[in-house]
Structure formats: C-alpha cells, structure tokens
Amino acid sequence: MLAGHAVTLLCLTWGAYQSLAVPRVTECSLSCSQGFACKSRVNQNIFNSFCRQPPASMPRSVLGALVLSTAMKCSSPDSCSLLLRVNASLTLHESLQGLEACSTSLDTQEMKCQAVRVPRASRRQAGRQLQVHFDCFEVGVAQALYVTLRTVPHFCGVQLGQQYHTEDCRDEDVGKNVPDCFAEKLSYWVDRSRKVVLVQVPESGGPDYYARLCLKRFTCEDAGTPVLVTGNSISRRVSLPYSQELSCLCLEVWSATTDAVRIQTCPFKDDTESLWDAIHYHPGSQVLSWEPACPMRGRVSLCWRPGPGAHCLELKHSGRPARGKVQYPLVDTQPQLCLKFSTSLGFQVRCPFKQPRFPAWKMTVQPAPAPDRLRVAFFSSSPARFQVCLCHQGKTWPPDCRRLLQATPVPAASGDPTEDPAVAFVDIPRDEACAPSICIQGRRTDVQFSAPQQLCNLQCGWGGGTAQEVEDRGATASACHPGDSSLRLCLTRKTWVPGPTAGMRQGASSHLDSPGLCCEG
C-alpha cells in the first residue's frame, strides 16, 4: 500500500503569490530617443574587452542610468516566456561610437551581449542626453543575472553594473502562464514498501516534463536516469526507484524545454538514521570510519559511555570536522567506545562495537601474593598492552590520575580455550587503591584511541594469607564507574595468579576460582 494517503504537491514549497502582473509585449526591439538614429550592431571586435583611457574631455558620468525590468511575451494564454528589458541613458560625446549591454547568468556563466551604434551625425550633438531601449534578452524563470553597460569603445572606469533576479514561480502571473512553472502542478507519492517514488501528470494534460531522483550535494547528482513524463500519453504516471531513504535524496522535475527551471522537493529530508549508521570498521588496520551519503556540517568525536543512559565522555584529540569521510586509526573495539555527532541535523551517539562479534578485553582486581598489594590483571583474546593508574573520583572529566604503572606482559600459556587468557598484570599498593574516592583505571596502550575501564571505591576486606584464602574473603566496589550499571562485580571466575613467589616465572602460573572485581572492556 502506498505510504501516506494524501497527495503531496510540489507547489507546497512556494510562498505567497505576488499580485502584480508582468507587463506583456508583442515585440521587443531596439529604439532610441526621438530625433536620434541608432542601429543594432554585432560586436565582433574582441579588443572591446580591453579598456583604453578615456579622453580628458569625457566626464566619468557619461553613462547616466541603467534600468532593468521583466516583460512577458505570450504565443497563447498559457504559453509565455520571460524577457529582460534593458534601458540606458548616456551623455553624447564625440569619442563615443555606441553602447554595449551584456547579460551574464550567474548560474551557468553564459553571456549574451547587444551593441548599439550611434551615427556620427548624432555624436556631434555632444552634451545631449540619449535614451536607449535595447532589444530584449531571453531569460528564464528565477534566473540570477548580472547586467553590465559600457561604452564602445570600452573606456576604463566608464561602466555600470547591476545584479537582477527574474520572477520565480511564486509570482502569480508567472506561475499561471510560463510552462516552466507547470511542473509544480505534478503530484507524487512515496511507496516505501516498493522503494519507488510515483510521479503523475494532471488529467488536463499539458507539456512534457522530465523527472529524476538526485542526491543534493554541491549540485543535484543523478541517482537514477531521468524519465520523460508525457502529458498527452495514456499512462500519466512514472515510477522512480531508489535504493536508500536519504535526507538529501530529492525529486527534481522540469519542463522539456531548453534551460527550463528545475523544481526540487526532498521527500526524505527527515530520514537521517541511515546517515548516523554509515560507520565501518576494518579489523586488519583497526581503522574506524564514518562516511555519510549526504553532505553535513558539524563535528564528530570519539567518546566513552560508562553505562546505559550515561553522558558520553569525549576522548582527547578525537574531535574532527564533519566534512566528508572521517577516519580514526588504531581504534580499540570496546563496547563503551562510541561516535558522537553534533551536526546541523542534531545530536546523536552510535556505539558500533556493542555487537558480540567484536572482541573486548576485561580487567580484574584480585589479591596479590604480597599481603600489601592488589593485582590488576587484563584478559584479552589477542595480544595487547595495558597501563594502570590511580585516579581521584570527582564530578569532572577527565579525572585526576597519578601513579602511572605499566602492566607486565604474561607469557602465552595453555589454559581453558573457552576463556580469554591473561595477557598482562600489575601489582599496586593496597592502601592507596582502597582509599575513599579512589578509582583503579586501566587503559590499553598499543592503540591510538581506547576508552578506560575503572573500578572505584573498593571496600577491601582482604587480610594477610595465601591466594587460596581469597576464596573466603574478597572485596567489593561501588561500580566500575559511577552510575555504570552495565559493568559487573565478578564474585568467581578463573583468574591467573602467580606461583608461590611474587616474581614471574614461565610455567609457574596456576588458575584459581577466586572472588574479585572485573570490568569488561
């Protein structure tokens, strides 16, 4: 079934109509003030593009005025075209041979010029005012023009220029009588189930039109082949298929005439979800990239989300302008590592590594062999390097951290293949780690972007004793981070601990079921 029962008309984008009619003309030809003879001249002298110094007797104000207006020429009541009328005035001088008026389209840079020759007899009437009405220039609807007026020959500094905008389809007279504006009377539907946009011609028929889907970037780039909508054919409906609903995917319709004005509407301008999800990760290079299909302006950064619903804390040196493709090299695949978007379309956070297929490292805190120490161990499915520091828990980010300690790598050893092996550990002073408002923070150091894991407010209940006695004692913590409900307290798990001595010796490790604290990266 078609999505939406109401027909959306392209004309909804237009504003209030103007009430003044555009003047009609049956012909538009060159004319000059009464009593003066002037002739149209084809200017083939390329050197008129270069200026020469005016004679000392010529005033700089020899060009008096440049007046522009729009006229309409109609072959039938609903088949009219727009014309630009150019009126100028100048003061005659013996060195002036004529005038040149040029109209340049600011969209296409196309230039059209007309030149007027003033007969020698008229030039002798120096000081008299001459009014010139140029032949009309053919122009389009809603066209931005720049019109210049200069002398023939071209004298330096003697020139007038004016920017002009022709009426658009919001003008009531233009909208009713110029075929280029009839495209707004076409209607369209969006069938989301079939992924097509349906365009229909009014039953009354009319001129032919082209319709296409395009991606509105710097220009509207083709997203499909333009389709001819024939007003007199039996089938008055065409289907335009699309592959993805994008905010910059627009419907463009224009009359099948030369340089016709194109009317655009974007049916999916509020569909932005696919833009945020354009995230890709390459496991080999560990590069995280975001490349939206539509142009956007704003800022992108990596952030760490401690728990569900928590504010995503921005990582240092990760801010990037949201222009085209954004890449981050050597990114750790932690579930809490996210991309934060602040753009013209709003504020969004996406966490691409929450999917189970991405490996995550874990951090645990256990009693160390030495009675006054705690052991922070890291578990990972692949080799990695880590560091540990003690941080003071506060309301600001980043926290105040000290005592930076590098974790000691653990040699590879056989063990339970269903569990990640321990890859590194570090022993820290128990009294410092168990002090109030202190967090044990672990971070991966062999990547460029990694979010930390924290265990805060440890209520340590360990006394002296061997590692086996840990089973009956243990420790508690408020959470892995304040407000973090996604991280868990591990009461029992297979944890690597050394042999009888605190030193590390290959093959001297064992695994114990022991209570402790863990954070899953």
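For this structure, a couple of remarks:
- Ellipsoid semi-axes for segment 134-211, based on the Cα gyration tensor and the rule √(5λ), read 41, 15, 10 Å when sorted largest first.
- Computed across segment 336-408, the Kirkwood radius stands at 15.8 Å (inverse of mean 1/r, all Cα pairs).
- Counting only heavy atoms of the protein chains and using a 1.4 Å probe, TRP304 has close to 0 Å² of accessible surface.
- For segment 157-296, the gyration tensor built on C-alpha atoms gives an oblate shape. Its axis ratio a/c (a ≥ b ≥ c) is at least 1.5, and a/b is not larger than b/c.
- Whole-Hz ³J(HN,Hα) from phi, Karplus 6.51 cos²θ - 1.76 cosθ + 1.60, for segment 34-41, glycine and proline x: 4, x, 10, 10, 9, 10, 5, 9
- Residues of segment 235-319: accessible area per residue with a 1.4 Å probe, Å²: 48
- Under the combined filter of DSSP loop state and at most 13 neighbouring Cβ atoms within 10 Å, segment 278-327 retains these trypsin sites (Lys or Arg not before Pro): ARG297, LYS316, ARG323, LYS325.
- Gyration tensor (alpha-carbon) shape descriptor, segment 297-352, a/c threshold 1.5: oblate
- Solvent exposure of segment 337-376 amounts to 43 Å² per residue of accessible area, where only protein heavy atoms count and the probe is 1.4 Å.
- Solvent-accessible surface of segment 117-174, averaged per residue with a 1.4 angstrom probe and all protein chains in place: 45 square angstrom.
- ILE279 exposes around 30 Å² of accessible area when a 1.4 Å probe is run over every protein chain in place.
- Whole-percent carbon and sulfur share, accessible surface of segment 73-174, 1.4 Å: 43
- Annotation note: GluC sites (Glu not before Pro) in segment 87-191 located in DSSP loop regions with a Cβ neighbour count of at most 12 within 10 Å are GLU110.
- Surface composition of segment 296-361: carbon and sulfur make up 53 percent of the accessible area, probe 1.4 Å.
The values are calculated or read from the model by the stated rules, or taken from the named source; none is laboratory data. Model, not experiment: these values are computed from the prediction. Here the Cβ is made from the backbone with ideal geometry for all residues, glycine too, and neighbour counts use every protein chain on show. Surface accessibility is based on the protein's heavy atoms, side chains included, excluding ligands, DNA and RNA. Shrake-Rupley method; radii C 1.70, N 1.55, O 1.52, S 1.80 Å.
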